[in-house]
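First up is the structure itself, then whatever we jot down about it.
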């Protein structure tokens, strides 16, 4: 039986806030999730998987609030096959303009035996029951066979058939451990579509992990063989080696439309903004040679390449920088720039701030412009993201004075507010950064360990802002903090405080759950 696919439109399903957040240290605050969801919807992302509502009170609230604000995108929540998970998910997404429940269960022999400790018949029964329960709550239900690529084909067909009969509208075939390769994965999608009755009544979806570096290639192979939804994340964020990168999927379909005659509704000009936002939220830097959104993606140093570019850009660039939101010129603002020009720049970078937030950001911009000769786009992104990430934090930075140099002792005088109450401490340390962190620990006692301390320049030049990433780990919880400032020590203090706020928020979520 040959299955005909009626449309060339590909549904882009973003799971940055669910699968991406499961990456160790990549936790996001409530405000950060709301901001990211707003950007994703403005980009034209079809489906936003906003979280795993049953996992914590915080995740439930984030999914619920994103659903309430949604306009066009489908807002999806993840649920295991248990009745409690599905009810919780249905409650979280029910106020969305277009709600979806995404339920799953493992189907591979190794997962059923060691993870679920369930037999095939019990798993098959759970598939039908969970999908039917979800379908009673919403009209749009997605079902996933976890570890599908290591599942016996006949049993996988039975499970999918049960899900379709129970009312699933999307069937997802995850390569959960990144084990498959393009020819094999594409063949699996096609074989399932050709074998299962009523396969033309559902949308087939890919969800590929990148353990062998094949996530994007496998996803495209799935599309070529009939899949019409691709699950992916900004920057390829995700567990272990990550997921298929949204920006790579979208641009591959955009650039190679000749041999991949499919299209998406994503506004590619916002890809760079989304990449920067996710990097700053998580503290995970984007590698310089990352496809599409890396700093070197449109950089040319070789003399031969430069010569070709000067003659015709198509000699070495298969897409225009502007197509993905990379501006040719970034030195457009300075200390004489006005509020209107600043707001126009923010909009071009993917931010639309309310009046109070804009005023606060403009004030910070002016202060930075007085300290720094040239203001780059990355500087503006850093200061705005710092401002947004600080919303709702218990601990806020106020001031810092440091004594450093070769003749010790190095010391730090720090002032912060905790729940609105001023606190200060003076401490010495084995270097100025150690002194700063010791002062924070005096004001906010905790047992968390510093797992990562990383500094890099936001832009070039000796007056560049320093961007500091700090990862704290304690009580089995990990949190990444990030901050930027022309003063590296101030940025270090702010980043540590940012991580501490996130760690405390995650601890409270776990206690509540």
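The values are calculated or read from the model by the stated rules, or taken from the named source; none is laboratory data. Computed from a prediction, not measured in an experiment: that's the story for all the values here. Neighbour counts run over all protein chains shown; Cβ positions are idealised from the backbone, glycine included.
Some notes on this structure:
- Applying the condition of being in a loop (DSSP other than H, G, I, E, B) and without any contact (Cβ under 8 Å) to a residue 40 or more places away in the chain to region 94-114 and asking which residue is surrounded by the fewest Cβ atoms within 10 Å (Cβ to Cβ) yields 97.
- Filtered residues of region 246-256 (kept if over 23 Å from residue 72 (Cβ atoms) and touching a helix residue (DSSP H, G or I) at 6+ places or on another chain (Cβ under 7 Å)): 248, 252
- Single unsatisfied condition, residue 259 versus (1) in contact (Cβ under 8 Å) with a residue 24 or more places away in the chain; (2) out of contact with any helix residue (DSSP H, G or I) (no Cβ under 7 Å at 6 or more places or on another chain); (3) assigned to a loop (DSSP other than H, G, I, E, B): (1)
- Residue match in region 28-45 (condition: in contact (Cβ under 8 Å) with a residue 12 or more places away in the chain, over 21 Å from residue 351 (Cβ atoms) and either in a helix (DSSP H, G or I) or in the same structural domain as residue 139 (by TED's automatic domain parsing) (or both)): no
- Test: residue in region 236-243 that is assigned to a helix (DSSP H, G or I), closer than 30 Å to residue 145 by Cα and either modelled with pLDDT under 85 or in contact with a helix residue (DSSP H, G or I) (Cβ under 6 Å, 6 or more places away or on another chain) (or both): no
- Residues satisfying the stated conditions in region 183-218, i.e. over 20 Å from residue 13 (Cα atoms), surrounded by fewer than 18 Cβ atoms within 10 Å (Cβ to Cβ) and in contact with a helix residue (DSSP H, G or I) (Cβ under 8 Å, 6 or more places away or on another chain): 183, 184, 191, 195, 197, 198
- A single member of 420, 474 is farther than 23 Å from residue 273 by Cα and touching a helix residue (DSSP H, G or I) at 6+ places or on another chain (Cβ under 7 Å), and it is 474.
- Within region 434-457, at least one residue is at pLDDT below 85 and in a strand (DSSP E or B).
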